[in-house]
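Below: the structure, in structure tokens.
The values are calculated or read from the model by the stated rules, or taken from the named source; none is laboratory data. These numbers were taken from a predicted model, which means no experiment stands behind them. Neighbour counts run over all protein chains shown; Cβ positions are idealised from the backbone, glycine included.
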Amino acid sequence: MEKGKISVQFVKDTAKNVPEPLQRGFVPGLHVFWNGSMYDLLIENTDQAISRLSDLPFTGPLLQASSPDPISLPGNQSYLHLGHLPSLIIHSLFETLWSILYSGTDPLLLASLAKADVVDFDIVSPNTIQIRAIWASAPHDDGWRLDIWSHRNALTEVGIFGEERGEDKDEYALGGVRGILGVDPEFQPTLFAFPHRNHIISSARLNTSLSPAYGSHPVLQTTLPLTALQAPVNDTLDSESCKLHALYTLSKEVFVDKYQLAQLAQFQSGGIQHLYGLWGETDLEDPNYRTKGWGSIVLVDIVQDRSELTLELPLQVRYLEPQVGGGTRNVDIPPPAIFWACENSVEGILLVRLDANSLI
């Protein structure tokens with residue numbers, strides 16, 4: 001990520017229906033990434049450093065005073081994830097977005113954007129925001145209806161693309177037409193081809209559950225059928241480089257013991273072959289209400305078996321804040337993102353990009 005750049009991603013629960021090659025193992029909620037230490041962020045073209053989360057451009061004013069701290073990722077990146085957003089914050093998020101768009105922006109475009117399953121904002125500078133949106137299906141019952149106008153002080157490029165096949169077997173491609181409004185006399189045929197090094201396994205093919213569904217030491221179990229254990233590019237030269245991974249996003253109410261995971265990996269128990277990385281809150285003693293960061297991320301290599309496999313991640317629940325009168329509290333634990341990461345034979349690198357962040 002570039003110095004001074006902030007990436008914001010808003011993901012709805014329906015993002016699991018986004019198809020390949022756009023699927024990236026989306027986790028519902030609000031995700032904010034920036035390059036720099038926890039409170040050391042200097043936006044390009046400004047001299048004032050960010051000293052508090054509430055000072056973050058675009059998203060800062062939307063955060064509640066009780067919001068948890070970000071966690072640190074490789075490459076000096078900071079990452080904040082809020083899994084459950086009140087409807088008021090979601091409304092404010094889009095109200096802020098509308099305020100920075102042209103006053104003449106088509107209302108249907110705004111309505112369609114609000115219905116997107118994934119919305120990305122890249123804040124490059126205080127005056128430059130790049131917006132991308134992904135829909136798993138058409139936002140209106142009768143399909144797509146948009147009026148897009150050209151503007152005097154900006155270039156507006158419009159494209160319509162569908163999934164195609166690349167020249168190589170391990171390539172994905174998007175084919176269609178595109179043109180710049182007010183510049184191109186007609187749409188031009190266009191084909192974008194790119195190596196597809198990571199392949200997300202659809203959550204519909206997986207079964208994830210807690211065993212037991214209560215208590216302080218549950219195990220998160222994910223059953224992978226035989227079809228999920230087959231590399232996606234068996235007929236290409238780089239198929240032997242494909243490795244199967246699981247990426248867990250855990251809120252601060254639960255945590256994993258890295259020493260326990262390392263021991264499981266040593267004996268390849270529970271389907272874990274190797275603990276690739278653990279980032280975020282890992283203190284074994286702190287209760288939930290004294291844990292500052294929002295949670296943790298766990299990345300493991302999965303044993304590549306030839307039969308159905310049950311992947312097991314042992315969890316520990318932190319002591320929760322006592323409630324007057326006692327009672328119980330539900331803790332939501334999302335299923336892992338299971339994906340194949342393959343080395344591209346042309347570029348010779350292994351790269352997986354999940355949640356706007358490179359971990360491998």
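Here is a check on your reading of the model: is Leu206 surrounded by 14 or more Cβ atoms within 10 Å (Cβ to Cβ) and modelled with pLDDT of 90 or more? Break it down into steps so the answer makes sense when it comes.
On the way: surrounded by 14 or more Cβ atoms within 10 Å (Cβ to Cβ): yes; modelled with pLDDT of 90 or more: no.
Taking the combined requirement at face value, the residue does not satisfy it.
Among the residues of the stretch 258-296, what is the count of those that are out of contact with any strand residue (DSSP E or B) (no Cβ under 6 Å at 6 or more places or on another chain), assigned to a loop (DSSP other than H, G, I, E, B) and either buried (at least 18 other Cβ atoms within 10 Å of the Cβ) or not assigned by TED's automatic domain parsing to the domain that holds Arg329 (or both)?
1
Take the stretch 297-320 and flag every residue that is exposed (fewer than 15 other Cβ atoms within 10 Å of the Cβ) and among the hydrophobic types (A, V, I, L, M, F, W, C).
Leu320
Scan Asp141, Asp122 and give me the residue that is under 30 Å from Asn35 (Cβ atoms), modelled with pLDDT of 70 or more and acidic (Asp, Glu). So that I can check it myself, show each step before the final result.
On the way: Asp141 fails: under 30 Å from Asn35 (Cβ atoms).
None of the others qualify; the one that does is Asp122.
Considering the stretch 205-226 alone, what residues qualify as being in contact (Cβ under 8 Å) with a residue 40 or more places away in the chain and among the small types (Gly, Ala, Ser)?
Gly215, Ser216
Among what's in the stretch 73-95 and is hydroxyl-bearing (Ser, Thr, Tyr) and under 17 Å from Lys12 (Cα atoms), pick the residue that is surrounded by the fewest Cβ atoms within 10 Å (Cβ to Cβ). Full working, then the answer.
Let us first name the residues in the stretch 73-95 that are hydroxyl-bearing (Ser, Thr, Tyr), namely 78-79, 87, 92.
The next check asks that each one be under 17 Å from Lys12 (Cα atoms); those that pass are 87, 92.
On the way: Ser87: 7, Ser92: 14.
Across the stretch 73-95, the extreme among qualifying residues is Ser87.
Find all pairs meeting these conditions: Cβ atoms under 7 angstrom apart; at least six residues apart or on different chains; first residue within the stretch 170-188 and not assigned by TED's automatic domain parsing to the domain that holds Trp340; second residue in a strand (DSSP E or B) and of a type in the set (Lys, Arg).
Within 7 Å, the pairs are Ala173/Arg165; Phe187/Arg178; Gln188/Arg178.
Taking Pro185, is it surrounded by 19 or more Cβ atoms within 10 Å (Cβ to Cβ) and more than 20 Å from the chain's Cα centre (by Cα)?
Numbers: surrounded by 19 or more Cβ atoms within 10 Å (Cβ to Cβ): no; more than 20 Å from the chain's Cα centre (by Cα): yes.
The answer is no for Pro185.
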